[in-house]
Structures are given as structure tokens and as C-alpha cells.
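The values are calculated or read from the model by the stated rules, or taken from the named source; none is laboratory data. Everything numeric here is computed off the predicted structure, so don't read it as measured data. Every residue, glycine as well, gets a Cβ built from its backbone with ideal geometry; the counts of neighbours run over all protein chains shown.
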Amino acid sequence: MLVLICSGSLSISLLHYLAEQRQLQQQFRLNDQAQSYAGAIQQELVRTSTAAYAVAAWLRLRQGDLNEFPVFAQSIYPYYPFLTAISVAPEGVIRAAYPAEQNQALLGFDVFRDPLQAEAAKRSLNQSLVYLSGPYQLRQGGVGIIGRLPVTLPQDDGEQRFWGFVNVTFKLDELASLQRMAQLPTQGIHYQLWLDQTEQPTLILSSSNSTFQPTAEAQIQTGTVNWRLQLAAPTSQFSTVQIWQVALAVIFNLLLVSLSYLLMHNLVRKKELRHLVNERTADLQTQLARHRSFIVASNTGSWEYDPEHQQLNCSPEYFSMLGYQASEFAAYTEHNLQQLWAELLHPADRDKAKAVFEQYQASEQSGLYENHFRMRHKHGHWVWILSRGRSIVTEQGKKLTVGTHIDISDRKESELKLQLLARLFEQSSEGLLITNAQQQVVMVNQAFCSISGYQAEEVIGKDPRLLSSGKHDKNFYQQMWHAIAEHGVWKGEIWNKRKDGSLYPEWLSISKIEGPEPGEIYYVGLFRDISQYKEDEAQIRFLAQYDALTELPNRALLLDRTEQALAVAKDQQQQLAMLFIDVDRFKQINDSLGHQTGDQLLIQIARRLTSLCRPEDTLCRLSSDEFVLLRPNTNAEMAAELAERILPLMLTPYQVSGHELVLSASIGIAVFPQDGQNFHELYRHADIAMYRAKENGRNTYCFFTSEMQRYHARHLLLENALRRAIENNELSLVYQPQYSLQQQKLTGFEALLRWQHPELGLISPGEFIPLAERSGLVIPLGEWVLKTALAERASWQQLTPAPLTVAINLSPIQFRQPGLLTLIDSLLHASQLPAEMLELEITESAMVEDPAHAASLLDAFRQRGLRIAVDDFGTGYSSLSYLKRFALHKLKIDQSFVRDLLSDADDRAIVQAIISMAHSLELDTIAEGVETAAQQALLQQLGCQAIQGYHYGKPLPAEQARAFIQQQLQT
């Protein structure tokens with residue numbers, strides 16, 4: 001009997017231990033399942049809620065305009081598979097929903113008037129995050145959860161005004177599909193999902209209609225509300241004793257009873273029975289060790305806390321995951337183990353971790369305890385611990401809290417890396433752009449937005465070609481993508497375009513990477529704006545070619561500019577002047593007043609000389625007090641006039657460092673081609689002439705050749721004669737016919753000025769017109785031409801009703817004349833000619849000198865019906881910008897392009913380009929200087945609309961022009 005009692009007690013103890021171990025393992029497994037499903041639900045809730053933020057950002061960008069809402073909602077809807085509907089509710093009333101067909105019932109629904117949703121809607125007004133509530137019986141059918149995000153828009157006073165809500169809806173049965181949670185009941189495990197949004201929790205999902213006793217619980221954090229996922233396993237899964245264990249106990253008892261019986265009846269078999277008992281005992285120990293190995297292999301430490309006595313018991317794994325052996329803490333009592341836990345906590349985590357644990361103990365809840373903290377490893381580093389537990393009551397009625405410690409350092413490290421990568425992505429000074437294989441932008445960072453001017457929502461889903469500057473051809477991009485396909489990466493300099501249309505250079509690196517799914521490809525573009533680098537590079541080039549003090553070109557750049565100007569002069573048979581300017585007695589001032597004063601004086605001198613330069617001129621500082629002015633397309637007479645402007649300008653007193661200084665200059669002039677064929681010859685000859693000027697007493701200029709006197713004398717003679725030409729009736733007009741190639745008829749004449757001097761004979765317009773412009777005589781000359789041409793054109797009116805135009809050239813000085821518009825109005829009124837009979841020819845340079853004035857004046861001309869032609873098009877400041885801006889009718893192709901049209905491919909290409917451009921801008925074209933039938937035929941083939949030249953008619957006096965008109969009418 002004693003043996004039977006002992007064996008029974010031993011069996012019961014063994015079964016109780018095995019049951020506890022099995023129950024603990026099953027509890028751990030169920031806890032992990034709850035955490036896994038809770039994590040999946042939390043991730044999907046958070047991810048799905050981001051749809052509301054995207055729509056809210058879109059609404060703020062569009063100031064609440066819903067016109068394009070279906071298009072935008074359609075673009076983001078595929079990324080949220082658990083969404084049932086996306087809707088927007090201005091002032092709380094749903095006005096738009098997507099998908100539209102399935103959600104028609106939502107339109108007009110006022111959330112503030114609905115008794116079920118009004119309270120939740122009001123609570124969400126104070127939230128900056130998506131506020132989840134429900135469950136509700138959805139108007140479109142089914143039961144679901146609704147997430148609301150209040151949207152505010154900025155007002156003129158800077159305050160934010162409530163606009164309405166963005167709503168995202170998903171059905172409850174979609175949540176159960178996460179990670180196959182809906183299949184849990186087939187495994188004997190039921191679940192419930194609670195929403196803790198008020199004092200009374202709301203049941204969201206349940207897989208069981210019967211009494212539910214949760215055995216595992218996990219918290220779900222969504223920002224505004226808390227969720228709880230509870231799992232319940234049937235008691236059969238937590239039975240304290242398995243069948244095989246009972247059977248083992250019964251067998252064990254039977255063996256002991258039999259052993260006792262045999263011992264009493266057969267002492268001879270004592271040794272054999274003892275061996276049998278030892279063997280069975282070893283088997284039991286093996287099984288116990290195997291069960292314990294399960295815990296060891298999972299690297300999970302277990303603990304047990306007795307709140308009544310405040311005692312903490314820990315498993316060996318509790319210490320081993322921190323690098324310790326349990327024996328190292330043998331000196332600690334059970335009370336001290338709780339103190340040891342606190343000592344091992346990270347200082348930053350200690351107070352919070354202790355507070356969470358103490359709060360759980362004080363709450364006397366049966367829910368899940370969960371805590372995250374760091375504990376110090378034996379080697380000094382910190383280990384992230386996930387501590388989970390639950391309060392239980394033993395069979396003896398004793399309350400305990402049992403739990404586990406799990407090392408989650410790897411997970412925390414991964415989360416930290418993701419956070420660092422996200423921060424790096426957003427805070428990087430270099431722009432980042434990621435596209436998918438379909439060349440759609442999927443992600444950009446803040447630096448991209450700062451550099452490009454685009455907001456993220458403006459480019460997500462778009463083709464990155466919207467950034468293209470247009471500066472690179474198709475071959476450039478083909479080579480780029482070939483390199484990416486061949487090597488997986490491309491790096492180089494590229495020009496892109498900002499949102500405001502401005503272009504900027506960037507250094508771009510494109511890498512091809514594989515996505516998380518098989519065959520998924522992404523392209524990552526990393527770039528930086530190198531505008532500053534380009535500016536620095538330009539500054540370096542500037543310092544290599546310019547004087548640091550005055551910022552004028554140095555000798556190296558002067559040499560280059562001179563060679564270019566000489567090439568143009570030789571090609572176009574022009575002259576070129578080089579003026580060598582030496583500041584008289586500068587060395588004395590520099591030595592007496594100091595170099596700082598001398599430097600400031602040189603800067604002022606450079607500014608004065610620069611004020612006399614044209615855009616095509618080059619002013620260079622050679623040495624301390626020597627300057628060279630290179631002036632293309634300038635003859636000796638023009639160079640002398642320039643020198644005469646420089647000398648008095650230099651004599652004007654300078655105010656420098658409190659001193660009033662008066663300086664003069666000596667100027668030497670050399671003119672290409674007579675004074676030199678290259679830079680060195682011109683420079684040397686100008687230098688010699690400058691010294692001759694110094695010898696002549698300074699404050700003067702001197703030419704290298706003696707021809708200047710003759711030119712200068714003629715200049716004075718012509719200027720004086722021109723002043724009397726109008727009074728002496730020496731001026732006349734001739735008219736060159738203009739012929740339409742399309743209509744095959746005369747369309748008008750160009751009035752050309754002629755000067756017949758009684759002694760000097762016929763003076764070329766190329767000689768006296770520039771003289772008139774320089775002397776100011778062009779104003780009275782221009783008025784005489786307008787008056788005479790309109791009067792003579794009026795006399796032809798009786799010959800034909802055809803609208804023959806008369807074209808008159810306006811010089812740039814006339815174009816700037818304040819009373820020009822009034823003068824033309826009065827002359828047209830006096831001649832009684834329609835305004836469309838007058839065509840004004842204006843050079844490009846006259847219009848671009850003051851674009852605002854030109855645009856205003858040309859608009860006034862056009863409103864009156866006057867026709868405007870651009871004279872000598874292609875030889876001046878040709879630009880598409882002014883062609884679009886100004887009110888023009890016709891482009892006049894310069895005769896320099898027509899002269900060699902048949903033999904020069906470049907001239908032919910230029911003419912064709914001008915004609916094509918004019919057609920595109922709906923402008924007429926006329927070619928001047930047409931001398932042959934072959935030129936006319938080619939121009940007609942190229943699409944030119946009209947011609948003017950000796951082939952059709954030479955310039956005719958007024959009477960001969962009348963006869964020409966009559967002849968044209970007859971033929």
C-alpha cells in the first residue's frame with residue numbers, strides 16, 4: 001500500500017509538471033499568433049489610412065476644388081486593396097465618392113446629422129490623424145469601419161478654416177482575410193476584435209457567437225484609437241493532462257504495484273525489477289529534457305512574479321540572452337532579482353518600463369501585459385527585450401503573473417535602419433527620384449521638391465520626362481538608357497527644367513535596382529543642382545580672361561576677340577578700328593596718392609570708357625594705365641568721332657578718396673585693313689600712333705595713316721552740305737517696285753532717298769545716311785521723306801483702286817522720336833490716304849533697344865492700320881522672342897542672303913529658315929536685291945511671297961513710277 005501511495009504521488013507530480021510546461025508553451029504560441037495578426041491588422045490600418053492623407057494633401061493643393069477628384073482617386077485606389085470607398089465631405093456632406101458606381105448611396109449623406117456617426121465625426125475634428133470609428137451598417141451595403149481626416153484650408157488672414165472630411169471605408173470581412181485569420185476557427189481558435197474608442201469598447205469582429213473566454217490578447221495602435229485582438233483556444237487545447245500522460249501514469253502505477261507484488265512474492269527478481277524502474281525513469285527524464293529544449297531553442301526567457309510577496313523567479317534563458325549564467329546571480333534572493341531587473345534596464349527606459357509593469361500589477365486586469373525596453377548585456381551593449389505576460393490564478397487560488405522575455409534587437413535594428421533610411425531619404429541635400437519599370441514616378445524626397453519646384457503629389461504617377469529641358473537630343477537619352485541596361489548605372493551632367501520653366505544643370509546618377517517581388521524593377525535617380533559649380537567654373541574662366549580690378553577683358557581675351565573680329569571683317573569686307581588709350585600722367589597720381597587711390601581712379605576710367613562701347617566692342621585693360629578699345633565695323637571717320645567723344649569724357653573731373661582729379665588721354669588709332677592684317681600689326685601700329693599723340697601734346701588722338709585728314713575733311717563738308725540739302729531742294733525720292741510671286745502682280749513700292757549735290761555729284765546713301773544719324777539730321781530728313789512719299793503716293797490713287805503700298809524706312813533715331821505717332825497721323829490725314837497704304841520698315845536693332853517702347857509703339861501703329869516690316873532681317877538682333885511679342889506683318893530678307901542664293905548652300909538654308917519661320921508665325925516675306933530670274937524662281941520654290949530688285953524693276957523717279965503703274969495695269 002505504501003508503494004502504491006508513493007507511486008501515485010510521484011505520477012501526479014510528474015503529470016502536473018508536464019501539464020504546466022505544455023500549457024506554458026501553448027500560451028506562448030497563442031500569444032505570438034495574437035501579436036502576428038495584430039501587427040498585420042495594424043500595418044494595414046495604418047497603410048490604408050494614408051489614402052486619406054494623400055487626398056487631403058491633394059485638396060489643400062487645389063483649395064478644395066473637387067473637379068478632378070475621380071481622376072485622382074482612381075490613380076491611388078489600386079494601392080489600397082482593402083478600401084471599399086474613398087469619399088470627400090465638404091462641411092460634413094459627402095459630395096464625391098470613388099468607386100462611383102458602388103458608392104452612389106453615399107452622395108448627400110450628412111455625417112453630422114446621422115445619429116450613429118455624428119459623435120465620432122465631432123471627436124475627429126480635434127484630431128490631426130485619421131480617426132477610425134465603427135462598426136457601422138454601410139449605406140452601400142455591408143458592415144465596415146470608417147476613417148475620417150478633417151481637412152483645413154488657409155484663409156487670407158493666415159488662419160486655417162475647416163473645409164470638411166476625407167473618408168476611407170473598408171469592410172470588416174476584409175480584415176479577417178489578413179494572414180488567413182478567418183481560418184483560425186478551423187483550428188479550434190476563435191477571435192474577437194475590439195475598438196477602444198470610448199469608455200465602452202465596441203466589438204468589431206467575432207468568429208464565435210458563444211461565450212468567449214480570451215486566452216491571448218494583443219494591442220493595436222492606430223494613432224487616434226486603440227484596438228484589441230483577443231484569441232480564445234478551447235479548454236481541450238489547454239488540458240492539463242494529455243491521454244498519453246495519463247496512460248503513462250497508469251502504466252507507471254501498475255508497474256510499481258506489480259513490482260511490489262513481485263517483490264513480496266518473489267525477492268529473487270528484485271534486481272531485475274530495479275533495473276526496469278531505472279530504465280523507465282530515464283525515459284521520463286529524456287522526455288522532460290526534450291520539452292525543456294523547446295524553450296531553450298526558442299531563446300525565450302520565462303519569468304514568474306508573485307505580486308503578494310513581490311518575488312521574481314527567472315529561467316536560465318532569462319539570463320543567457322544577456323550573456324550571463326544564472327549561477328552568476330546566485331547571491332541574489334528572489335526579492336533582489338526584481339531589483340536586478342531594474343539595475344540592468346537602460347537608464348532612458350528604466351522609469352517607463354517600471355511604470356508600465358507596476359501599472360499592470362495595480363490594474364488587476366486579466367489582459368495581456370506588454371513592455372519594450374533595453375537591458376545591459378554582459379559585454380556592455382544593450383539588448384532590446386519584448387516582455388509579455390498575463391496574470392493567472394493557480395489551482396490553489398494564488399495570483400501570479402507569468403511571462404516571457406524575447407530578444408528583439410534584430411527587429412529593432414531593422415526598424416532603426418528603416419527610420420535612418422527614411423530620414424536620409426527625406427533630409428538628403430541631394431534630390432532623389434524613384435520610378436518603376438513603366439517610367440512612373442513612385443517616390444521623391446524633399447530635396448527633389450526644393451530643387452525642381454514640384455510638390456510630391458504633382459509628380460507621383462507622372463512620367464519623369466516632365467522635367468526634360470529640351471536641350472538634349474534623342475541620341476543622348478538612347479546612350480543613357482543603353483548604359484543603364486548594360487551596366488545598371490549611368491552618371492553624367494544633364495540639364496533639366498524646374499516647375500517655373502527655368503533650366504538648371506545637375507549631376508545625375510541613375511541606378512537600376514530590383515524590387516522585393518521577383519522581376520520587379522525600379523530606377524533610382526540621385527541628383528544635385530550644380531548651378532553654383534557652373535558659376536564658380538565661369539568665375540575661374542572669367543579671371544583667366546579678365547582684369548580682376550576693372551573686370552575688363554585682359555590681353556589674352558583681346559587677342560581672341562580681335563582674331564574673331566578680323567575674320568568677320570575680312571569675310572564681310574568691313575573695316576575695324578583699334579584705339580590704344582593711355583592715361584596721361586597717371587603714374588604721378590598713383591605714386592603721390594597711393595595705389596588704393598590709383599585703383600579707384602582706374603575703375604572710374606573703365607566705367608566711363610565702357611559707357612561709350614557698343615555690345616560688339618571690346619574694351620581691354622592692358623597694364624596699369626593703358627586701355628585698348630576694339631571697335632568692329634568701324635572706319636577711320638567713325639574711329640575719329642569716337643576718339644573725339646573719349647577725350648572730353650576723360651577730362652571730366654574725377655572724385656576719388658576726397659580728391660578732385662583731372663586727367664587727359666592720348667589715343668592712337670589703327671584701322672584694318674590699311675594699318676594691319678592681324679592683331680599684332682594693329683596693336684603695334686596703334687601703340688606707335690598713341691606715342692605720336694603724346695608727342696603732339698597729349699589730350700589728342702592720332703591715326704597711324706595720313707588718310708584720316710581727307711576723311712575728316714569730307715565728313716565736315718558733307719555734314720554742312722546736308723544741313724542745306726532740304727532747303728536747296730537737292731533731295732529726291734525714287735521708288736523701287738515690289739512684286740507678289742503668289743498673285744503675279746505689282747503690290748507696292750519702297751521709297752528710297754537720293755542726294756544730288758550740285759558740286760559733289762550723287763552722294764551714296766550709305767555715306768550720308770549714317771552721317772545724318774550721327775549728327776541728328778535724320779529727324780528732319782525722315783519727316784521730309786514721309787511727307788513727300790505720302791503726297792506722291794496720293795497722286796497715284798486715281799490711276800488704280802488697287803491698294804498699292806509705299807514702304808518707308810524708319811531709322812532707330814526716328815523710331816525713338818517722341819512725336820512720331822502724331823507726325824504720321826497728321827501726314828496721313830493731309831494726304832487722305834488709308835493707313836494700310838503706308839508700310840514702315842524698321843530694323844531689328846531699333847526694336848530691341850527698348851522693347852517696352854517698341855511694343856507700345858508698334859501696337860499703336862497696328863491699331864491705326866499701318867503695316868510693319870522688319871528691314872534687313874537676319875543681319876541684326878534676330879530673335880523669335882521679339883517676333884512673337886511685337887505686332888509685325890512682314891519680314892524683309894536682306895539682299896546679302898539673296899546675292900549668293902544659287903551658289904551658297906548656307907545662304908539658301910538661312911533664307912529657307914526665315915521663310916519657314918515667317919509662315920509659322922503668319923508673317924509675310926519679301927526678298928530684296930533679286931537680280932535674276934533664277935533667284936526669283938528659287939525664292940518662289942522656297943515659298944517666298946514677294947520680291948524686290950532689279951530683275952523686276954529698278955528704283956524709279958515719281959513720274960516714271962506712275963508710268964510703271966499704268967504699264968502694269970495694261971499687262
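Checking the conditions here, which among 753, 771, 762 is assigned by TED's automatic domain parsing to the domain that holds residue 938, in a helix (DSSP H, G or I) and on the phi < 0 side of the Ramachandran plot? Please lay out each step first, then the result.
On the way: 753 fails: in a helix (DSSP H, G or I); 762 fails: in a helix (DSSP H, G or I).
The conditions single out 771.
Of everything in segment 531-554 that's surrounded by fewer than 17 Cβ atoms within 10 Å (Cβ to Cβ) and at pLDDT 90 or above, which residue is nearest to residue 502 (Cα to Cα)?
551
For segment 959-971, what are the residues that are out of contact with any Ser or Thr (no Cβ under 8 Å at 6 or more places or on another chain) and in contact (Cβ under 8 Å) with a residue 24 or more places away in the chain? Can you show your working first?
At the first step, the residues of segment 959-971 found to be out of contact with any Ser or Thr (no Cβ under 8 Å at 6 or more places or on another chain) are 959-961, 963-964, 966-968, 970-971.
Within segment 959-971, 961, 964, 966, 968 qualify.
Residue-wise test of (1) at positive phi; (2) surrounded by 13 or more Cβ atoms within 10 Å (Cβ to Cβ); (3) β-branched (Val, Ile, Thr).
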position: 433; (1), (2), (3): no, yes, no
position: 439; (1), (2), (3): yes, no, no
position: 449; (1), (2), (3): no, yes, no
position: 459; (1), (2), (3): no, yes, yes
position: 464; (1), (2), (3): no, yes, no
position: 472; (1), (2), (3): no, yes, no
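Among the residues of segment 90-118, count how many are among the acidic types (Asp, Glu), at pLDDT below 90 and surrounded by 14 or more Cβ atoms within 10 Å (Cβ to Cβ). Even if it seems obvious, please write down each step before you answer.
Keep residues of segment 90-118 that are among the acidic types (Asp, Glu), which gives 91, 101, 110, 114.
With the extra rule that they be at pLDDT below 90, the set shrinks to 101, 114.
Now narrow it down to the ones that are surrounded by 14 or more Cβ atoms within 10 Å (Cβ to Cβ): 114.
Number of matching residues: 1.
Could you check segment 402-464 for helices (runs of 4 or more DSSP H) lying wholly inside it with 1 or more residues that are outside the structural domain of residue 322 (by TED's automatic domain parsing), closer than 20 Å to residue 515 by Cα and modelled with pLDDT under 85?
Working: elements: 409-427, 446-452, 456-459.
Filter on segment 402-464 gives 409-427.
Within segment 502-521, is there a residue that is under 30 Å from residue 59 (Cα atoms), among the acidic types (Asp, Glu) and under 15 Å from the mean Cα position of the chain (by Cα)?
No: zero hits.
If I go through segment 921-958 residue by residue, how many of them are in contact (Cβ under 8 Å) with a residue 24 or more places away in the chain and assigned to a helix (DSSP H, G or I)?
So the count comes out to 8.
How many of the residues making up segment 718-759 are out of contact with any Leu (no Cβ under 8 Å at 6 or more places or on another chain) and over 27 Å from residue 802 (Cα atoms)?
Of the residues in segment 718-759, 9 are out of contact with any Leu (no Cβ under 8 Å at 6 or more places or on another chain) and over 27 Å from residue 802 (Cα atoms).
A quick yes/no check of all residues on (1) outside any loop (DSSP other than H, G, I, E, B); (2) on the phi < 0 side of the Ramachandran plot; (3) under 32 Å from the mean Cα position of the chain (by Cα); (4) at pLDDT below 70:
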residue	(1), (2), (3), (4)
4	yes, yes, no, yes
29	yes, yes, no, no
44	yes, yes, yes, no
49	yes, yes, yes, no
52	yes, yes, yes, no
59	yes, yes, yes, no
67	no, yes, yes, no
71	yes, yes, yes, no
75	yes, yes, yes, no
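Give segment 795-853 a look and list any residue that's out of contact with any Ser or Thr (no Cβ under 9 Å at 6 or more places or on another chain), farther than 22 Å from residue 740 by Cβ and in a strand (DSSP E or B), or say none.
Scanning segment 795-853 gives no hits.
For residue 153, state whether it is closer than 30 Å to residue 31 by Cα and either assigned by TED's automatic domain parsing to the domain that holds residue 59 or at pLDDT 90 or above (or both).
So residue 153 does not fit the description; no.
Condition first: small (Gly, Ala, Ser) and within 55 Å of the chain's Cα centre (by Cα). Now tell me which residues in segment 726-783 satisfy that. Explain how you work it out, then say what you get.
Taking segment 726-783 first, the residues small (Gly, Ala, Ser) are 732, 740, 748, 751, 761, 764, 766, 772, 775-776, 782.
Result: 740, 748, 751, 766, 772, 775, 776, 782.
Quick one: count up the residues across segment 592-635 that are farther than 15 Å from residue 669 by Cβ, assigned to a loop (DSSP other than H, G, I, E, B) and acidic (Asp, Glu).
Within segment 592-635, residues that are farther than 15 Å from residue 669 by Cβ, assigned to a loop (DSSP other than H, G, I, E, B) and acidic (Asp, Glu) number 2.
Among the aliphatic types (A, V, I, L, M), over 47 Å from the mean Cα position of the chain (by Cα), surrounded by 13 or more Cβ atoms within 10 Å (Cβ to Cβ) and assigned to a helix (DSSP H, G or I): does that describe residue 340? First the steps, then the outcome.
Details: among the aliphatic types (A, V, I, L, M): yes; over 47 Å from the mean Cα position of the chain (by Cα): yes; surrounded by 13 or more Cβ atoms within 10 Å (Cβ to Cβ): yes; assigned to a helix (DSSP H, G or I): yes.
Yes.
Can you go through 825, 859 and tell me which one is acidic (Asp, Glu) and under 45 Å from the mean Cα position of the chain (by Cα)? Write out each step before concluding.
On the way: 825 fails: under 45 Å from the mean Cα position of the chain (by Cα).
From the options 825, 859, the qualifying one is 859.
If you check residue 910 against the conditions, is it buried (at least 20 other Cβ atoms within 10 Å of the Cβ) and without any contact (Cβ under 8 Å) to a residue 60 or more places away in the chain? Give the derivation first.
Values: buried (at least 20 other Cβ atoms within 10 Å of the Cβ): no; without any contact (Cβ under 8 Å) to a residue 60 or more places away in the chain: yes.
When the stated conditions are applied, residue 910 does not pass them.
Which members of segment 137-149 meet the condition of being surrounded by 16 or more Cβ atoms within 10 Å (Cβ to Cβ) and out of contact with any strand residue (DSSP E or B) (no Cβ under 6 Å at 6 or more places or on another chain)?
Of everything in segment 137-149, those that are surrounded by 16 or more Cβ atoms within 10 Å (Cβ to Cβ) and out of contact with any strand residue (DSSP E or B) (no Cβ under 6 Å at 6 or more places or on another chain) turn out to be 139, 140.
Taking residue 155 as the residue in question, decide whether it is free of Cβ contacts under 8 Å to residues at least 12 places away in the same chain, surrounded by fewer than 16 Cβ atoms within 10 Å (Cβ to Cβ) and touching a Leu at 6+ places or on another chain (Cβ under 8 Å).
Values: free of Cβ contacts under 8 Å to residues at least 12 places away in the same chain: yes; surrounded by fewer than 16 Cβ atoms within 10 Å (Cβ to Cβ): yes; touching a Leu at 6+ places or on another chain (Cβ under 8 Å): no.
No; evaluated as a whole, the condition is false for this residue.
Just for segment 897-907: of the residues that are in a helix (DSSP H, G or I) and without any contact (Cβ under 8 Å) to a residue 40 or more places away in the chain, which one is nearest to residue 929 (Cα to Cα)? Spell out the reasoning first.
In the first step, residues of segment 897-907 are kept if they are in a helix (DSSP H, G or I); the result is 897-898, 905-907.
The next check asks that each one be without any contact (Cβ under 8 Å) to a residue 40 or more places away in the chain; those that pass are 897, 905-907.
Working: 897: 9, 905: 18, 906: 17, 907: 14 Å.
By that ranking, first place goes to 897.
Restricting to segment 786-814, name every residue that is under 55 Å from the mean Cα position of the chain (by Cα) and modelled with pLDDT under 90.
Residues satisfying the conditions are 803, 812, 813.
Is it the case that some residue within segment 377-384 is over 24 Å from residue 216 (Cβ atoms), part of a strand (DSSP E or B) and in contact (Cβ under 8 Å) with a residue 60 or more places away in the chain? Walk me through how you get there before you give the answer.
Residues of segment 377-384 over 24 Å from residue 216 (Cβ atoms): 377-383.
Of the ones still in play, those that are also part of a strand (DSSP E or B) are 382-383.
Subsequent filtering for residues that are in contact (Cβ under 8 Å) with a residue 60 or more places away in the chain retains 383.
The answer is yes, given that some residue of segment 377-384 is over 24 Å from residue 216 (Cβ atoms), part of a strand (DSSP E or B) and in contact (Cβ under 8 Å) with a residue 60 or more places away in the chain.
Within segment 603-613, identify whether any single residue is in the same structural domain as residue 561 (by TED's automatic domain parsing), surrounded by fewer than 19 Cβ atoms within 10 Å (Cβ to Cβ), without any contact (Cβ under 8 Å) to a residue 40 or more places away in the chain and in contact with a strand residue (DSSP E or B) (Cβ under 6 Å, 6 or more places away or on another chain), and answer yes or no.
Checking segment 603-613: at least one residue is in the same structural domain as residue 561 (by TED's automatic domain parsing), surrounded by fewer than 19 Cβ atoms within 10 Å (Cβ to Cβ), without any contact (Cβ under 8 Å) to a residue 40 or more places away in the chain and in contact with a strand residue (DSSP E or B) (Cβ under 6 Å, 6 or more places away or on another chain).
I'm checking my understanding of the structure. Among residues of segment 343-369 that are closer than 25 Å to residue 29 by Cα and in contact with a helix residue (DSSP H, G or I) (Cβ under 8 Å, 6 or more places away or on another chain), which one is surrounded by the most Cβ atoms within 10 Å (Cβ to Cβ)?
368
Would you confirm whether or not segment 474-494 contains a residue that is over 30 Å from residue 320 (Cα atoms), free of Cβ contacts under 8 Å to residues at least 24 places away in the same chain, in a strand (DSSP E or B) and touching a helix residue (DSSP H, G or I) at 6+ places or on another chain (Cβ under 6 Å)?
Within segment 474-494, one or more residues are over 30 Å from residue 320 (Cα atoms), free of Cβ contacts under 8 Å to residues at least 24 places away in the same chain, in a strand (DSSP E or B) and touching a helix residue (DSSP H, G or I) at 6+ places or on another chain (Cβ under 6 Å).
Residues in segment 474-526 that are closer than 13 Å to residue 437 by Cβ and basic (Lys, Arg): how many?
Result for segment 474-526: 1.
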